[in-house]
Every structure is written in structure tokens, then in C-alpha cells.
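Readers should treat all values here as calculations from the given coordinates under stated rules, not as data from a laboratory. Nothing here was measured: the structure is a model prediction, and the numbers come from that model. Every residue, glycine among them, receives a Cβ derived from its backbone with ideal geometry; neighbour counts consider all protein chains shown.
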Amino acid sequence: MNDMAPPPTGSLLVDRGLISSDQLRIALLEQKNSDKPLGELLLQLGFINESTLRDALGAALGRRAVDLENTPADTAALQLAPMELAQRCRMLPLAWDEQERRLTIACADPDDIVALDRLRAHIGAAVEIDALYASEAAIARAIDRNYSGELHIDDILAAVESGGPVDGDSQAVIRLIDAIIADAVKRSASDVHFEPEASLLRIRYRIDGVLRQVLALHKSSRAAITVRLKVLAAMDVAEARTAQDGRFSVRANGRDIDVRCSVLPTLHGENIVLRILDRSRGVAPLEQLGLPAAQVEQLQRLVSRPAGVILVTGPTGSGKTTTLYALLNRISHSGINIMTLEDPVEHPLPLLRQTSINESAKLDFAVGVRALLRQDPDIMLVGEIRDADTAAMAFRAAMSGRQVYSTLHCNSALDAVARLLELGAAAESIAGNIIAVIAQRLVRRLCPHCRDSGASCRYCDNQGYRGRCAVMEILAFDEELDELLLQRASRREIRTAAAAKGFRSLAACGLDLVAEGVTSQRELGRVVAVDHVCGG
């Protein structure tokens, strides 16, 4: 008899075609050495994303699933149950209707009678409970986000700044660093900056692309914090005159977090920036990038082309890698070989062979592309086209019948051709082998809970914005544009021809989002020049 019969969760997901029987078998083997639920392991292994798992399990339970990342809890509901009870019952109060005496909660097991009775006993009155489904991990994160934090950064800070000198081994400093990272993860920060100034150490988070100051510490704590972060990142603690890079992993808010650490000497001390990589969030599907349906359909048509180069352009932090991963996720299946060369690999993805470049080992993009071509790829992702050799190899791969995805640093889709020619790529190689150039930016979304009130709210941390979406312009090449490229046509000529085929600029697409109430014109103007609008 088979002693590894799949549990209901596994059977459900296999029956619905959401995972394969092989993926289930691998997850069950992993579960033998872990106390984690099967669903969490499937997420960790990258076999399924959280929203798909949540919706499937909610449907199986006959309950509506709820996305806790985008659903705030009412203060009145939170007041009905303390944090300890919510944690013990594995549930989160979401909404309280006083007139109907109805409490809406999110829970991992809507049929857990013991937990529901415990909740009713605490409230102490007849109450109707409407239970929605969410995963245990999502509930744990939402509890931490909605209730008062347990880390009490201010209390830890008081211990650091009171008394005598502290060093990197001080328990107070260790707790402070752990608390700051956990707080940054809870607030969905992408980066944490430790910035030395003459009399203080400023700490800022980058949230939704914008830096926010969260702490200012006395300068006496700078050395200890610097030492602690260097120790974590396996850096040379004694070296303070040169830039250093490192990385480490931590457990924060119930999740495994990877942290990239960069140290740079400045006038008042070493400036440290931590890049937070939360692998549990996975890769957003194409439909969740905030694009209009017409652009999603256009991208689907473009990635269905059998061979050619697709480039994504934009400044650092504009979401280029996220878009590339979303496109690869859309086309990935067991019948093709997708290989990537990245600097570094940020999100491990199933069915992809991913390689980080290592210039100390003489594995740069140009050398790496040559190596990838010997690995029988159908599709290649080259993290960035930086030089003539990489450009030449990318287009040579396209000419040999492969799809190639990459990024390029320039301001717009129309600037991409000039940038490629500047790098030394031949127009004859580009024409006929380039599928499309996508230029993009990220804009903050207006908070859906307070955008109509003219005031900010707790849900958006009193910023007026919560989350981001992509603004894209997509320049799709065809025979006419290829011919213009071969004729060395001007940027204006290419723009005119593209506009006649429906090309719309970043500014025009961004103003559509403003008109729809997704973002504000002020926010759009922060990332896109809107003083002139071309192509629509």
C-alpha cells in the first residue's frame, strides 16, 4: 500500500491541473523533514503562487477566499479580539456590523468549531460569524500588520541609547537590527538605508519607490550598528575605506528573507543599504502588473512570436525584472528549455535554469551568453545588454531561432535603437530580429480606502498611496519599422510610423491611469515627463 497517499490539498491541486503529480510527490518528500503545511511548501518550492492556492482551497472549502494583503481590518473588529486570541485561533477579525451583530473573519480553517466557539465565548454575546478563507501564512502576516507590533523598536532603541557604549555584539544592538528588518518587511519596504550624518544616523525605508525616514539615532550607535550589519553580511569588519558587498538571510514575520548588503565609505562614516528580497511573495502574474487589458493582450501576442529579441527599458527600480519574470512565467512549460543569466538571480523560478554572473570567475554577460547557447536553450533571459559583445550575442541567438529577453538602460522605447547602435550593434542584425521594446515606470496607486475622502488613512500608513502599478509604452516592430531602421531613419520618423500603428507614449498611458483614478497626476509627474504628450 502506498504510504504517501496525497492529502486532500494535494489531490485537489493535482485534479485541477494547478500542480503536477511529480510536484506533489516532491513537496510530500520535503514535508517529511519539515513541520510546514503542504500548501506553504508548495509556495516555497515555487510550484504555485499564493493567490492561486488561496482561491483553490477557498473553493474546495465552499468559502470565499480573501486577499489579506489588500483587505484592511476594521478597528472595531480588531477591538473585539486581542492579538493573543487571534493568534491562538489562527484568525483575523476583518469587519464588525454592530446592527446585524455579524463579525467577518479570515481563518485558515472555517470549519474549526473549537476556534469559533472560543471566539464567541470571548465576545460574550450572541454573534453571527462569517468565516472567509485565507492561508495560515497570510493570516500570520496580517495579524502582525494590523495589531500593535511586538518588537517595540522604541523600547529597544532606548536600551541602545541609554547607559554606556555599545558594540556589535550587544544584545540591544542585535535586537534593534532584527526589529528594523522585521518592521521593514512588515511595511513592504524594498530597501533600508542607514545614513551617517555629522550628529546622527538616519534610517529610511524605500516603500513603493519613495524613501521615508523612520528613525534618527544618536551618532554614538553608528559604529555598533555598522559592525553588526557587516558581521551578518560576512564582510571585513576592520576595513572602512573601501566599498563592500555581502548578503545574509533572516527569519522575519514568519518568512525567510534574503538581504543584500552594500557598504560605502562617506564623509561621516559608512553608508549601508539593505535590499530586502521577500521570496515568499513570488512573481506577480502578468495580469497583476496593473496594465490595461489591451496591453496584456498585446504582450501575449508578442511573446507568442517564435524567435527574436524583446527588450525592457527604464531606470533602476522601474520593475524591469518583474516584467521579464511575468513574461517568462506566462510562456514557461515543460516542453521548452528556458535559461537565464542574471546579476544576481533575485527570484528562483520553477522550470528555469538560472545563473548569476560572476565577474571574479570571468563569467560576465558576454561570456555567459556564449555558454548558454551551448546548453540547447529555446528561450534566454540576459539580465542586461551592457556592451557590444553581449548585444551581438543576443541578436545572434535570435537569428538562430531563439527568443531572447533582456533589459537596456535608456529612457524610452524609441531611444532603444539608438542605444543599441551606440553600443556597436549592427542595424542589419537588429532589423528583423527585434520583436518589441517595452519602456516602463512604476507609479504609486491611490489608496482605495481614502482616495475619495481627501484624507489619508491607517491602511496606507497616512501616505495616500498603497502599492504600485506599471506604466508601459510598447513599441512593436514589423516590416515597416524594420525597413526604417535599416534606412537609419530619425527618431521622429520611427515615432510617426509607430503612432500610426497605435503606439502610445508613457505619458499618454500614464494619463489614462490618472483619468481612471488609479494614480494622481502629481505622482505620474514624479516618474514621467507629462508636459508634452505624444502618440495619443
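Per residue, the average separation of C-alpha pairs within less than 8 Å and at least 6 apart gives region 153-279 a relative contact order of 23 percent.
Counting only Cα atoms, the size of the chain along its three principal axes is 79, 60, 59 Å, in decreasing order. Of the residues Ser199, Leu420, Pro377, the one whose Cα sits farthest toward the positive end of the charge dipole of the chain, with +1 on the Cβ of Lys and Arg and -1 on the Cβ of Asp and Glu, is Leu420. Put simply, the amide H of Gln403, placed in the peptide plane, has neighbours under 5 Å in Gly308, Met380, leaving out anything fewer than 5 places away on its chain. Please label the shape of region 283-506 as rounded, prolate or oblate, based on the square roots a ≥ b ≥ c of the eigenvalues of the alpha-carbon gyration tensor (a/c under 1.5 means rounded; beyond that, a/b larger than b/c means prolate, else oblate). Verdict is oblate for region 283-506. Placing +1 on each Lys and Arg Cβ and -1 on each Asp and Glu Cβ, with no other charges, gives region 153-279 a dipole about its Cα centre of roughly 280 debye.
Largest first and in whole Å, the equivalent-ellipsoid semi-axes of region 153-279 read 20, 17, 15, each the square root of five times a Cα gyration tensor eigenvalue.
To make sure I understand, if each residue's beta carbon is the centre and we count other beta carbons within 10 Å, what order do Lys32, Lys320, Lys501 fall in, fewest to most? Mind dumping the intermediate values first?
On the way: Lys32 7, Lys320 25, Lys501 11.
Neighbour counts put them in this order, fewest first: Lys32, Lys501, Lys320.
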